[in-house]
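Here's the structure, in structure tokens; my notes come after.
The values are calculated or read from the model by the stated rules, or taken from the named source; none is laboratory data. Model, not experiment: these values are computed from the prediction. Note that we place each Cβ from the backbone using ideal geometry, even for glycine, and neighbour counts take in every protein chain shown. We work out accessible area using only protein heavy atoms, side chains counted, and drop any ligands, DNA or RNA first. Shrake-Rupley method; radii C 1.70, N 1.55, O 1.52, S 1.80 Å.
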There are 2 protein chains.
Amino acid sequence: MPPPPVSPEIKSDVDQVLEAIIYLYTESRRLTKELARRADLTGPQLTVVKMLEQIGDLSLSELSERIRAQNSTVTGIIDRMERENLVSRERSKEDRRVVYIKLTAKGRRLAEEIPVEPMEIFRGALESLSASEVRDLVKILGKVARRVQQTVQRETAESDSVKG
Amino acid sequence: MPPPPVSPEIKSDVDQVLEAIIYLYTESRRLTKELARRADLTGPQLTVVKMLEQIGDLSLSELSERIRAQNSTVTGIIDRMERENLVSRERSKEDRRVVYIKLTAKGRRLAEEIPVEPMEIFRGALESLSASEVRDLVKILGKVARRVQQTVQRETAESDSVKG
DNA sequence: GGCGGATATTTCGCACGCTAAATAATGCCG
DNA sequence: CGGCATTATTTAGCGTGCGAAATATCCGCC
């Protein structure tokens, strides 16, 4: 659930930035989902299929890390994909705790079937900016992200020391 | 599910921007959730409680619109909140299709208990930018969002006309 | 060799979140 | 007045998404 667009009329810079971010994020998810629907996949399933196609087999943990989700979430996604015969699980021989996720022929066919990224719209939007604007955007957004990350880490450390 | 950070090494501008957006969005949700947890609420519940506190009673549709979710989703959230005695439903007298959602005393107390926005971290991060950077960020992000919106609307119109 | 702590995955229970279909009430139009 | 499209909400079914606990291995160390 996105945080609320709290103030009704005058929006602060923070609110405007947040609103844009929420909009862009939501839209990127919606686009993925839409694209996926055409191949009878869900958004996450499309993401997984494309990831495996491009990178090759991945352990479940590697996969979760890449799609930024918890292992338990990905277990569910893979369960359903296995049921649909899109991927298979294969126990690693070196480390029997590890499970590799592999595309099946059907999964690979589907991956190829799907044009490219749903990111084309974003690419288009970014291309409508001037080169210097793109550079600024990348630079500033990156700065904000790093700054937030620092603050979060600091607070996490604090509450850890309080808790523990 | 966030779109994948596709390329392993060299990241395009699009990817970098998207990655930052995904990070910031995810983080803002996490912060809301964290803040909510202290009052034994979920993220969306905190959002609703704060919204009702600041704006007053809202119909279910108005509420869904404001938190950018489907009515059916909000029905569920309100069900659980009603169960916890945080809000009550009240049928409108003018239009008996409409249900107003009202804070209970307990809900109001909780709302007051919770400091402010979880957005403070973002505010801090934005304040670490120079004034001109903030201005640029607001301007450029807004531009990208508007551009994406236009493209999406155009495509929606097209596929509508195709579909019938 | 085996014990104890780490690591990889799964299971469980719950809360979103969405779409499609059902239900209920309005309002308009002839 | 009666029917019919519209609108507000709910229900049903499914797929994430998370945190905590359970399982199965692995690894280092005595």
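Can you tell me which residue is farthest from A:GLY43 (Cα to Cα) among those in region A:100-122 that are touching a helix residue (DSSP H, G or I) at 6+ places or on another chain (Cβ under 8 Å) and surrounded by fewer than 17 Cβ atoms within 10 Å (Cβ to Cβ)?
A:LYS102
Sort out which residues of region B:36-86 are within 11 Å of DNA strand C (Cβ to nearest atom), closer than 15 Å to B:VAL99 by Cβ and surrounded by 17 or more Cβ atoms within 10 Å (Cβ to Cβ), and write them in order of number.
B:VAL48, B:SER64, B:VAL74, B:ILE77, B:ILE78, B:MET81
Go through the residues of region A:99-111 one by one and say whether even a single one is more than 22 Å from A:LEU35 (Cβ to Cβ), of a type outside the set (S, T, N, Q) and either within 10 Å of DNA strand C (Cβ to nearest atom) or within 14 Å of chain B (Cβ to nearest Cβ) (or both).
yes
What pairs come up if the first residue lies in region A:125-150 and is closer than 18 Å to A:ASP13 by Cβ and more than 7 Å from every other protein chain (Cβ to nearest Cβ), the second is open to solvent by less than 70 Å² (accessible area, probe 1.4 Å) and in a helix (DSSP H, G or I), and their beta carbons are under 9 Å apart, counting only those six or more places apart or on different chains?
A:LYS139/B:GLU133
How many residues does region B:41-63 hold that are without any contact (Cβ under 8 Å) to a residue 40 or more places away in the chain and more than 11 Å from every other protein chain (Cβ to nearest Cβ)?
Qualifying residue count, region B:41-63: 3.
Within region A:124-138, how many residues turn out to be open to solvent by 70 Å² or more (accessible area, probe 1.4 Å) and either modelled with pLDDT of 90 or more or under 30 Å from A:ALA39 (Cα atoms) (or both)?
Number satisfying all stated conditions: 1.
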